[in-house]
Protein chains: 2
Amino acid sequence: MTDIGLKRLEFSLDAKSGVPYYKQIILQVEMAIADRRLGQGDQLPTVRSLAVDLQINPNTVARAYNELEIRGIVTTQQGTGTFISDKQIELDHVKREQMLTEITRAFITKANSYGFTIDELIDYLQEIGPEYER
Amino acid sequence: MTDIGLKRLEFSLDAKSGVPYYKQIILQVEMAIADRRLGQGDQLPTVRSLAVDLQINPNTVARAYNELEIRGIVTTQQGTGTFISDKQIELDHVKREQMLTEITRAFITKANSYGFTIDELIDYLQEIGPEYER
DNA sequence: ATTATTGTACTAATGGTTTAGTACAATAGG
DNA sequence: CCTATTGTACTAAACCATTAGTACAATAAT
């Protein structure tokens with residue numbers, strides 16, 4: 001197996017967390033993108049290799065990758081692998097807008113029910129924003 | 001049954017949505033709080049009456065109310081009813097801060113994986129903020 | 001072409017979630 | 001007290017989500 005330039009990603013599963021394995025994988029990919037350990041074009045571990053690594057069934061990894069693909073976050077090609085896609089190209093403007101609306105409203109509603117105001121949310125975002133800067 | 005001042009709340013369930021009934025109830029309460037149809041001290045429909053209304057089992061309503069109580073959003077008293085609690089009092093400052101961190105980070109991570117930057121999120125929040133103003 | 005590598009399909013087992021049935025317990029109010 | 005009203009406990013059935021087992025299919029590399 002030749003090294004095709006996979007970034008060193010440390011996946012790990014917590015069996016006791018109650019979070020399904022495939023969701024843990026999705027989360028870890030999302031987080032890796034968020035803090036730039038992964039970027040456009042980067043290859044994810046193959047379904048098999050990650051399955052062996054984590055000692056789970058290949059289908060479980062495949063399921064995670066599938067959901068990521070449905071969301072437009074990765075692209076998979078049989079025989080080649082799974083890669084981080086370029087969302088600015090993959091998602092058109094309208095869908096991007098819809099997505100932004102959807103996740104933001106869910107966030108506001110939840111925060112609101114805990115008594116947080118929009119202003120508090122904005123303040124906090126501005127405060128911790130630098131940690132996520134690109 | 002005397003009218004004890006229940007606000008007119010229109011609960012409704014979508015059986016086909018795939019979202020469990022009890023979660024739909026929780027969401028509708030959260031949304032009602034978010035846009036001020038419900039506020040501190042307001043009474044929710046009784047477990048029984050809402051169950052009859054929605055044609056589901058009382059335990060399903062009770063479960064929704066229980067989760068809301070665990071989250072500190074409502075207070076229930078047997079024989080009396082279930083009421084919106086005052087979260088600024090119920091949640092201490094530390095827990096409030098933890099909650100803010102938790103839900104905000106989840107929001108950022110998800111948004112980020114879709115290619116949204118913090119600045120976009122802040123802009124959008126400021127844009128739609130007025131709709132949620134108290 | 002042949003082989004190794006990649007993802008995929010289909011099935012079944014397990015286990016947890018969700019809901020309802022039924023009966024109970026606590027409080028309020030006369 | 002007594003009764004109506006409120007939430008609760010316990011059980012079981014149905015459902016669905018998750019994972020693994022196993023075999024297959026598509027592509028790449030030689």
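Can we say residue A:67 is charged (D, E, K, R), within 12 Å of chain B (Cβ to nearest Cβ) and within 16 Å of DNA strand C (Cβ to nearest atom)?
yes
Residue-by-condition table, conditions (1) open to solvent by less than 10 Å² (accessible area, probe 1.4 Å); (2) on the phi > 0 side of the Ramachandran plot; (3) within 8 Å of another protein chain (Cβ to nearest Cβ); (4) of a type in the set (A, V, I, L, M, F, W, C):
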| position | (1), (2), (3), (4) |
| --- | --- |
| B:78 | no, no, no, no |
| B:92 | no, no, no, no |
| B:95 | no, no, no, no |
| B:99 | no, no, yes, yes |
| B:121 | yes, no, yes, yes |
| B:132 | no, no, yes, no |
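Do any residues in the stretch B:97-109 that are under 17 Å from residue A:113 (Cβ atoms) have Cβ atoms under 7 Å from those of residues that are among the charged types (D, E, K, R), where the two are at least six apart or on different chains, and which pairs are they?
Taking only residues 6 or more apart or on different chains, the pairs are B:103/A:110.
So, in the stretch A:7-23, of the ones that are free of Cβ contacts under 8 Å to residues at least 12 places away in the same chain and either of a type in the set (Phe, Trp, Tyr) or away from DNA strand C (no atom under 13 Å from the Cβ) (or both), which residue ends up least open to solvent (accessible area, probe 1.4 Å)?
A:14
Just need a number here: residues in the stretch A:55-75 that are open to solvent by 50 Å² or more (accessible area, probe 1.4 Å) and within 16 Å of residue A:42 (Cα to Cα).
Residues meeting the conditions: 2.
Let me spell it out: the conditions are (1) at pLDDT below 95; (2) within 16 Å of DNA strand D (Cβ to nearest atom); (3) open to solvent by 20 Å² or more (accessible area, probe 1.4 Å), and residue B:49 meets all of them except one. Which number is the exception?
(1)
Have a look at A:43, A:28 and point out the one that is open to solvent by 10 Å² or more (accessible area, probe 1.4 Å), within 11 Å of chain B (Cβ to nearest Cβ) and either closer than 17 Å to residue B:123 by Cβ or in contact (Cβ under 8 Å) with a residue 12 or more places away in the chain (or both).
A:28
The values are calculated or read from the model by the stated rules, or taken from the named source; none is laboratory data. Computed from a predicted structure; not experimentally measured. Cβ sites come from the backbone with ideal geometry, for glycine too, and all protein chains shown count toward neighbours. What goes into the accessible areas is simple: the full protein's heavy atoms, side chains included, and nothing from ligands, DNA or RNA. Shrake-Rupley method; radii C 1.70, N 1.55, O 1.52, S 1.80 Å.
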